[in-house]
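Every read-out reported here was derived from the displayed coordinates using simple, explicitly stated rules and does not represent laboratory data. What you see is a predicted model; the values in this text were computed from it and never measured. Methodologically, a virtual Cβ is constructed for each residue, glycine included, from the backbone with ideal geometry; neighbour enumeration extends over all protein chains shown.
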Amino acid sequence: MSHLLQITEPDEVTFESTTAVVGIDLGTTHSLVSIADETGVKVLQLEGSQSELVPSLVAYGAEGVCVGKKARDIFLQEPSRVAVSTKRLLQAAQKQLEFGGHQVTPLEVATDILRYLKQQAETTLQKEIRQAVITVPAYFDERARSATRDAARLAGLEVLRLVNEPTAAALAYGLEKNAEGIYAIYDLGGGTFDLSLLSLHKEVFRVLATGGDTHLGGDDFDAVLLEFLLIEREQQLGKLAFSELDRKSALMLMRQIKEQLTTKSSGCWVLDYQGCRSEHQLHRFQLDLLCEPLAESTIQICRKVFQDAELEISEIKGVVLVGGATRMPLVRQKVREFFGQNGLCDIDPDRAVVLGAGLQAKALSYGSTSLLLDVTPLSLGLETMGEVVEKIIYRNSPIPASQSQEFTTYQDGQTQMKIHVLQGEGEKVSNCRSLAEFILENIPSLPAGRARIAVTFILDADGLLQVSAHEKTTGIQQMITVKPSYGLSEEDMLTLLRQEGTKSPDSKQ
Ligand code: ADP
Ligand code: MG
């Protein structure tokens, strides 16, 4: 494959001084914003300079919409009002969710977070922000990528580029500048785990393979710790009521305990719920024992990715650690054992992705010669006879990619053909995800098997897909281009933008 994507125009583009281009890591648990200028990239302090990490939480209620730290405070009192880890749902961006009596979709939640990040960054920088590079997990499918783009646009941001998170992390390490070879990016966040294998050759970046689990992360470590302490508590105090609300706030405490045990080898903590206190002493080795099966599952996934990619672990030059949970000594040890080397962690694992996004924003604004190649994580294909899926672009193909294939009619005089676009590895339609469907009309009436219909898939650099079809036999050409049907149509987008325009952002906080 030789599709090289030049991600930048040559030099000589400069920022207008009153506007800025930012990098955004829209995380499942936390989101961050970075800014690049001539001197370098820095992560912005947001929420009144309190922190770089903005909780990716949105609270809905009578007073409007609250994002970030305020939403986290509300979460501790009234969790049912707060949208948590909604990034996982972006693949079904229009799904109806309910928080505090408000109906919202994952798309709207993402829009609220992005709008808040934009406002916060504008306050910090005292500049208007119109454009951004946003990172997405490498496994994000068409729907989730479209939804991220749509959400940004609704939040008033033009997306210069969607960059895969592992690629951004590798950029932050500057691997493209001085390294050649294959690198693994091990990303363990709050709710998700991803392993990506990137190859770097002559300053060209390529994602070779990705794998992961969208329901495995630091939150699960918190949950096993809580189960353990609740058993201890029961031994101390007998069986006690423990409400869902107690559980939510206890989980926050578990997160703190877990994080403290990263640097301390032991400590004492108190669980004080429903007027009953229990005391617990905990050593790091106990936490390690509890978390071992979860940490081991990340390694099983790594093994699978290597098998898929037909690569040996010894071929890996370095392992980059990304995501807050990779600070855990247990995780670092597992990585060391599996890869036979220490993970790279010179850059704070929370910040690697957003720093890479900032570098990318800078490259797109100021110009650079970096080349960037990514890979599609899922195969794309078409429905054929007997509900069988014919793959057109295979998983792990480098993008941008374009592929054509010819099809024909199976009935005499057939003048229409259904083009049903699917994504996934299954052989049957029912095992794949339906992306789009349209009917190619005006096929000349010919005996079965005589019409020649070429279907072309074009997957662009952001991982967005366009499908076109035309009939070749008679010289009559008909070309249809579809956008995946899960994304918003231009009309829907305009309607939504009009609705958004009537709300003042300030009234929402
Ligand atoms: P995401 O990419 O999903 O938004 P992050 O990269 O922000 O997630 O990771 C959040 C997770 O990292 C949480 O589970 C948090 O408890 C964990 N984490 C952060 N700091 C530490 C630490 N010092 N030790 C252990 N875990 C940590
Ligand atoms: Mg992350």
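As I understand it, the dipole of the chain uses +1 on the Cβ of Lys and Arg and -1 on the Cβ of Asp and Glu, about the Cα centre. Which of Val270, Gln405, Thr473 lies farthest toward its positive end?
So the residue we want is Val270.
If only Cα atoms are counted, what is the Rg of the chain, and what is its Dmax, in Å?
24.6, 83
Once amide H atoms are built 1.01 Å from N in the peptide plane, which residues 5 or more positions from Ile399, or in another chain, come under 5 Å H to H?
Amide H neighbours of Ile399: Asp374, Val375, Thr376.
Cα to Cα, under 17 Å, and not fewer than 8 places away if on the same chain: which lysines meet these conditions relative to Lys177?
Candidates past the 8-residue exclusion: Lys202, Lys317, Lys362.
If you count, for each residue, the other Cβ atoms within 10 Å and average over each peptide, how do 254-266, 172-184, 406-418 line up from highest to lowest?
So the order, starting with the most tightly packed, is 172-184, 254-266, 406-418.
Could you state the angle between the C-alpha long axis of helix 218-237 and the longest principal axis of the C-alpha atoms of the chain, as a value from 0 to 90 degrees rounded to the nearest 10?
Once rounded, the angle reads 30 degrees.
Name the residue farthest towards the positive end of the dipole of the chain from the options Leu261, Thr111, Gly174, assuming +1 on Cβ of Lys and Arg, -1 on Cβ of Asp and Glu, about the Cα centre.
Of Leu261, Thr111, Gly174, it is Leu261.
Can you tell which of Leu378, Gly426, Val319 lies farthest toward the positive end of the dipole of the chain, using +1 and -1 charges on the Cβ of basic and acidic side chains (Lys, Arg; Asp, Glu)?
So the residue we want is Val319.
Which residues among segment 40-63 fall inside the zone where the amide N is under 18 Å from a point 7 Å beyond the Cα of Asp348, along Cα→Cβ?
40-56, by backbone N distance to the label point.
Which of the trypsin sites (Lys or Arg not before Pro) found in segment 74-150 are in a DSSP loop and have at most 15 neighbouring Cβ atoms, other than their own, within 10 Å?
Lys95
Per DSSP H run of at least 4 residues, take -39500 (n - 2.57); add these up for the chain, divide by its residues and hand me the 222 nm value, nearest 500 deg cm²/dmol.
-10000 deg cm²/dmol, from helical runs alone.
Can you tell me the mean projection area, over all orientations, of the convex hull of segment 62-213's alpha carbons? Units nm², please.
Orientation-averaged projected area of the Cα hull: 10.3 nm².
Tell me the relative contact order for the chain as a rounded percent, counting alpha carbon contacts under 8 Å between residues six or more apart.
17
If I fit a long axis through the Cα atoms of helix 352-366 and take the longest principal axis of the Cα atoms of the chain, what angle between them do I get, 0 to 90°, rounded to 10?
Roughly 50 degrees between the two axes.
Can you give the relative contact order of segment 195-261 as a percent, counting alpha carbon pairs under 8 Å and 6+ residues apart?
In percent, rounded to a whole number, it is 26.
Give me the dipole magnitude in Debye, nearest 20, for segment 323-475 about the Cα centre, with unit charges on the beta carbon: positive for Lys and Arg, negative for Asp and Glu.
Rounded to the nearest 20 debye, it is 440 debye.
Could you list, in their original order, any pairs among Lys87/Lys334; Lys42/Lys95; Lys118/Lys418; Lys69/Lys95; Lys70/Lys304; Lys69/Lys304 whose Cα atoms are separated by more than 31 Å? Can you show the working numbers first?
Working: Lys87/Lys334 27 Å; Lys42/Lys95 36 Å; Lys118/Lys418 42 Å; Lys69/Lys95 25 Å; Lys70/Lys304 40 Å; Lys69/Lys304 37 Å.
From Lys87/Lys334; Lys42/Lys95; Lys118/Lys418; Lys69/Lys95; Lys70/Lys304; Lys69/Lys304, over 31 Å: Lys42/Lys95; Lys118/Lys418; Lys70/Lys304; Lys69/Lys304.
Specify the angular offset, from 0 to 90 degrees and rounded to the nearest 10, of the alpha carbon long axis of helix 284-309 from the longest principal axis of the alpha carbons in the chain.
10
Taking the Cα centre of the chain as origin, sum charge times position over the Cβ atoms of Lys and Arg (+1) and Asp and Glu (-1), and report the length of that vector in debye to the nearest 20.
On the way: 50 positive and 68 negative charges, 77 e Å.
Approximately 360 debye in magnitude.
Could you list which residues have their amide H under 5 Å from that of Val58, counting only those 5 or more apart in sequence or on another chain, with H placed in the peptide plane?
Sorted by chain and number, the residues that satisfy this are Ala83.
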